[in-house]
Amino acid sequence: MFIIVVTTVSASWANPENADIRRGNREFRSENFSEAELNYRQALEQNPRNTKALYNLANALYKLGRYEEAANILEGLSASEMPESTRADVYHN
């Protein structure tokens, strides 16, 4: 059990933007899309190339009716290097 906790904590320190992404995901699930957007943008301030934050930001913007902005982010993601599973999600949207 101790190893799991240490691994989880060290992984969070390695990618501090993950905490902001998790907060954004909670807000998104609660349909607080504006708050989710803010959290995803905070994550991107720490790591502008974080594909999870970019993808989730695009989804939040879409839910807010900001379709063109969401599409621009998704187009940028589709041109970047990423795992095939992530690329499939981007093209799905």
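Couple of notes before you dig in:
- Test: GLU27 is open to solvent by less than 70 Å² (accessible area, probe 1.4 Å) and at pLDDT 95 or above: yes
- Number of the exception - MET82 against (1) assigned to a helix (DSSP H, G or I); (2) surrounded by 12 or more Cβ atoms within 10 Å (Cβ to Cβ); (3) modelled with pLDDT under 95: (1)
- Screening the stretch 46-70 for residues that are assigned to a helix (DSSP H, G or I) and more than 23 Å from SER30 (Cα to Cα) and picking the one that is least open to solvent (accessible area, probe 1.4 Å) gives GLN46.
The values are calculated or read from the model by the stated rules, or taken from the named source; none is laboratory data. Small disclaimer: the values here were computed from a predicted structure and weren't measured. Cβ: placed from backbone, ideal geometry, glycine included. Neighbour counts: every protein chain shown. Only protein heavy atoms, including side chains, enter the accessible area calculation; ligands, DNA and RNA are left aside. Shrake-Rupley method; radii C 1.70, N 1.55, O 1.52, S 1.80 Å.
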